[in-house]
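Enquirer: Just passing along the structure, written as structure tokens.
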């Protein structure tokens, strides 16, 4: 029985007045599992992911990180969020800090590690994403792919229970996505629990334990990657996959 | 001189208050800013020296409230500068705010922490060129203190002229002194800006 790292139950999030981004969604993800969410733009995937990290407050429903309920009142969300790593589509590194500074910040200010220890751990995280040599460079001096790798290091540094990634490669030029995907592949190999929103289909097929098709605010279909590539069960998934595969073939 | 720094500190408080404080605070702050930006500084000085104490004394006669001119000078310049600087700071903060706040919270920092460690360091660097303009502006306004009877550089100049009738030399010298002072400080501001500039973020004043 795999330990559940993160789960949500009957989650709802509506943007006034009529846009329901998350409609009664429940999901579980276990230790070491890698699940991939995909679906049409605007379907609410990002909102859903942010609700899990409590960066956006859900209207109804519960989110659990291991045994802790994050949605009940009186929870120290900052402490809980320190156990979740989040990687953003647009990266959003702290531009006034070097790569090392970016990764260190949480270690020093949130986990309150002493200077030496924080530096050690930050360098270790940068090493994992192969950005150690760029430790003293500023984000503006790096390419998008390098910045995103630092973003991943920033999420990793606190040894979080789970890493949530919101389309980590979508904002990058195609030539740069490769390095980020390689990094994620390494992390997957090490058994990191990850929930990724992405449209990189070959990558999904390779590393995801389960793929989740999200459309119109709900989970329409879930299953192992092969299911989506050979025989999607639902109509919407079928249509989406056909379009996606045709698009990938053309590129 | 003091006025500009006090203005900066208070300006930051105001900008944050306006952004976060909720409707009532916003309205109060906006009113305050409009007053200081919308009226000549000499009038503001008079208001503080005469009108305000008189109103307070009217309401509570036992107080015999009085401002001495020097305090008024400091106070008004400080508040005035703050009113302008709130605009600069707010603009700078809004330019970077949303994303950086989300990123900060995603690593487990609270809102105040994120403000202090992430947003303000960036916003303050953006503000430097505008600040140096503000400094020029304020320094050139100091002759207004004349109306309160405080002796500033210009007043000294007028006295000298009254005694020596050397109009040309005196005022040229005064102008030169102002020029040197302002140029020196703005040059320093430029150097600070260059050193502290975040690579990749360029804002033209």
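The values are calculated or read from the model by the stated rules, or taken from the named source; none is laboratory data. What you are looking at is a predicted structure, and each value in this text was computed from that prediction instead of being measured. Positions of Cβ are backbone-derived with ideal geometry, glycine not excepted, and every protein chain shown enters the neighbour counts.
Enquirer: Collect the residues in region A:225-251 that are in contact with a strand residue (DSSP E or B) (Cβ under 6 Å, 6 or more places away or on another chain) and either crowded, with 18+ Cβ neighbours inside 10 Å or more than 16 Å from residue A:23 (Cβ to Cβ) (or both), keeping them in residue-number order.
Expert: Listed by number, the residues that qualify are A:225, A:228, A:233, A:237.
Enquirer: Within the group A:27, A:11, A:55, A:49, which residue is in a strand (DSSP E or B) and within 17 Å of the chain's Cα centre (by Cα)?
Expert: It is A:27.
Enquirer: Here's a follow-up. Residue check: is residue A:140 at pLDDT 90 or above and within 14 Å of chain B (Cβ to nearest Cβ)?
Expert: Values: at pLDDT 90 or above: no; within 14 Å of chain B (Cβ to nearest Cβ): yes.
The answer is no for residue A:140.
Enquirer: Give region A:160-170 a look and list any residue that's within 12 Å of chain B (Cβ to nearest Cβ) and either in contact with a helix residue (DSSP H, G or I) (Cβ under 7 Å, 6 or more places away or on another chain) or at positive phi (or both), or say none. Show your work before the answer.
Expert: Restricting attention to region A:160-170, the residues satisfying the condition of being within 12 Å of chain B (Cβ to nearest Cβ) are A:160, A:163-166.
Matches in region A:160-170: A:163, A:164, A:166.
Enquirer: Looking at A:95, A:119, A:81, A:109, can you tell me which residue is crowded, with 18+ Cβ neighbours inside 10 Å and without any contact (Cβ under 8 Å) to a residue 24 or more places away in the chain?
Expert: Going through A:95, A:119, A:81, A:109 in turn, the sole match is A:109.
Enquirer: Of the residues that sit in region A:38-70 and are more than 14 Å from chain B (Cβ to nearest Cβ) and within 16 Å of residue A:165 (Cα to Cα), which one is modelled with the lowest pLDDT?
Expert: Per the criteria, the residue is A:41.
Enquirer: Still on this structure, I have one more. Across region A:58-67, what is the number of residues that are in a strand (DSSP E or B) and surrounded by 14 or more Cβ atoms within 10 Å (Cβ to Cβ)?
Expert: 5
Enquirer: Would region A:151-173 turn up any residue that is in contact with a strand residue (DSSP E or B) (Cβ under 6 Å, 6 or more places away or on another chain), crowded, with 17+ Cβ neighbours inside 10 Å and over 26 Å from residue A:3 (Cβ atoms)?
Expert: yes
Enquirer: Next up: Helices (runs of 4 or more DSSP H) wholly in region A:131-242 with at least 1 residues that are more than 21 Å from residue A:102 (Cβ to Cβ) - which ones?
Expert: The helices (runs of 4 or more DSSP H) meeting that bar are A:174-189, A:201-207, A:225-230.
Enquirer: Continuing with this model, one more query. Looking only at region A:89-105, filter to residues that are within 7 Å of chain B (Cβ to nearest Cβ) and more than 18 Å from the chain's Cα centre (by Cα); which one of those is farthest from residue A:152 (Cα to Cα)?
Expert: Once the filter is applied, the top-ranked residue is A:96.
Enquirer: Looking only at region B:100-113, which residues are modelled with pLDDT of 85 or more and more than 9 Å from chain A (Cβ to nearest Cβ)?
Expert: Selection gives B:101 alone.
Enquirer: For the list (1) closer than 20 Å to residue A:34 by Cβ; (2) out of contact with any strand residue (DSSP E or B) (no Cβ under 9 Å at 6 or more places or on another chain); (3) buried (at least 16 other Cβ atoms within 10 Å of the Cβ), I need the number of the one condition that residue A:178 fails.
Expert: With (1) closer than 20 Å to residue A:34 by Cβ; (2) out of contact with any strand residue (DSSP E or B) (no Cβ under 9 Å at 6 or more places or on another chain); (3) buried (at least 16 other Cβ atoms within 10 Å of the Cβ) applied to residue A:178, the lone miss is (3).
Enquirer: Output the residue which, of all residues in region A:72-88 that are modelled with pLDDT under 90 and touching a helix residue (DSSP H, G or I) at 6+ places or on another chain (Cβ under 9 Å), is nearest to the other protein chains (Cβ to nearest Cβ).
Expert: Selected residue: A:82.
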